[in-house]
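Data first, discussion second: the structure below is written as structure tokens.
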Amino acid sequence: MNKTDRTVWHSERQRGIGGSECAAALGLDPYITQRELWERKLGRLPEVEDTERMAAGRHIEPAIAAWAAEKYGFHLRMRHQSLVHRSFKFMRANVDRLVVGERRGVELKNVDRLIVQRSKEWGDEGSSDVPERHYLQCQHYMEVLSFDEWDLIACIGGNELRRYHIERDEPLIEEIVERERSFWEMVIREEPPPFDYDHQSTIPLLRKLFPGTSGETVALPPDALHWHGVLSEASRKVKQYEAVVDGCKAHLLELLGEAAIGTLPGNRGEYRRKVVQRRGYTVEPTSYIDFRFKSIKGDANDE
């Protein structure tokens, strides 16, 4: 996608809510909050920079589509335009592919294998068990196009293809429409949704919204004292628990001595230590002890 195409694409996205934004508009996206999406719709944040991962997804998408067509017998075509809901103009869709001769669409995803392994949201092939934000995206598309089914094709780790089949969920779609309508009304009124203070993206968002300083001194409201107290107490507890963690490690390392593996009683797992050598490329060579716990199920956790 060249610079002109991206400018047009961004302009289209500011005119409504796309499928990939559905979860954020509902306040259910783990990576972006309602507030950030609202700020972007009003053009108050810079455009998202094109990352290597985003570029990889665009370049790999045609290969995933070709592989899916071959593996599953699809005849796929692209729809080179932004589709708009028949009644709710704020609901828009830029779909990856449509199945020729059927009322069914296809969403293509390039997924890191580690993400699939660590997440419980990805189910077996043929199921509808996909991450919530992808599930909502497909339901959004089905409503815009008046379809009853959608397939999500995931290319996992570059060498495994899975097909997930998602059917229209009418009660969920009714909720999607209502909550997207509510969000879009906030955009039209320029009425900001509240910050989700516990969301992982809120601090980075605040840094983008307030990147500099005016040099002024302001009197903070009374509730600032409450949050200052919570922050101070939490910071103190973090330091205490960090000390506890270090103390536990010290006890276990002493018990291990020079051994490479130490097994816990009752087959509860094992601790492993090994010497890790790092070559000195642009930094000085280092050597350290890698120490970690391994449960009996084989899930290793860094300690």
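The values are calculated or read from the model by the stated rules, or taken from the named source; none is laboratory data. Only a predicted model underlies this, so the values are computations on that prediction, with no experimental measurement involved. Don't worry about glycine lacking a Cβ; one is built from the backbone with ideal geometry, like all the others, and counts go over all protein chains shown.
For residues in segment 205-224 being surrounded by 10 or more Cβ atoms within 10 Å (Cβ to Cβ) and not basic (K, R), which is farthest from the chain's Cα centre (by Cα)? Taking the candidates together, the pick is A224. Say we look at segment 86-123 and pick out the residues that are β-branched (V, I, T) and within 17 Å of S20 (Cβ to Cβ); which of these is modelled with the lowest pLDDT? The qualifying residue modelled with the lowest pLDDT is I115.
Taken over segment 167-205, the criterion of being among the hydrophobic types (A, V, I, L, M, F, W, C), farther than 12 Å from F90 by Cα and free of Cβ contacts under 8 Å to residues at least 24 places away in the same chain is satisfied by I203 alone. Return yes or no: is E180 among the acidic types (D, E), buried (at least 16 other Cβ atoms within 10 Å of the Cβ) and assigned by TED's automatic domain parsing to the domain that holds R92? Here the answer is yes, as E180 does meet what is asked. When T217 is tested against (1) among the β-branched types (V, I, T); (2) under 20 Å from L28 (Cβ atoms); (3) at pLDDT below 95, just one condition goes unmet, and that condition is (2). When segment 13-46 is limited to residues that are small (G, A, S) and at pLDDT 95 or above, the one that is surrounded by the fewest Cβ atoms within 10 Å (Cβ to Cβ) turns out to be G27.
In the set (1) touching a helix residue (DSSP H, G or I) at 6+ places or on another chain (Cβ under 9 Å); (2) assigned to a loop (DSSP other than H, G, I, E, B), the condition left unmet by C22 is number (2).
Please work out if S287 is more than 33 Å from the chain's Cα centre (by Cα), within 26 Å of R35 (Cα to Cα), modelled with pLDDT under 95 and outside the structural domain of L28 (by TED's automatic domain parsing). So S287 does not fit the description; no. Within segment 82-133, the set of residues being closer than 22 Å to E52 by Cα, outside any strand (DSSP E or B) and touching a strand residue (DSSP E or B) at 6+ places or on another chain (Cβ under 6 Å) comprises V95, D96, R113, V116. Considering only residues of segment 1-12 that are among the hydrophobic types (A, V, I, L, M, F, W, C) and out of contact with any helix residue (DSSP H, G or I) (no Cβ under 9 Å at 6 or more places or on another chain), which is modelled with the highest pLDDT? My answer is V8. When restricted to residues that are farther than 28 Å from K294 by Cβ and part of a loop (DSSP other than H, G, I, E, B), segment 216-274 contains 7. Modelled with pLDDT of 95 or more, farther than 25 Å from H59 by Cβ and not aromatic (F, W, Y): which single residue out of R133, R179, R163 fits that description? One residue alone meets the criteria, R179. Within segment 47-65, residues that are surrounded by 12 or more Cβ atoms within 10 Å (Cβ to Cβ) have Cβ atoms under 7 Å from residues that are aromatic (F, W, Y) in no pair, counting only partners at least 6 apart in sequence or on another chain. For segment 256-281, enumerate the residues that are surrounded by 15 or more Cβ atoms within 10 Å (Cβ to Cβ) and under 35 Å from the mean Cα position of the chain (by Cα). Across segment 256-281, the qualifying residues are G269, E270, Y271, R272, R273.
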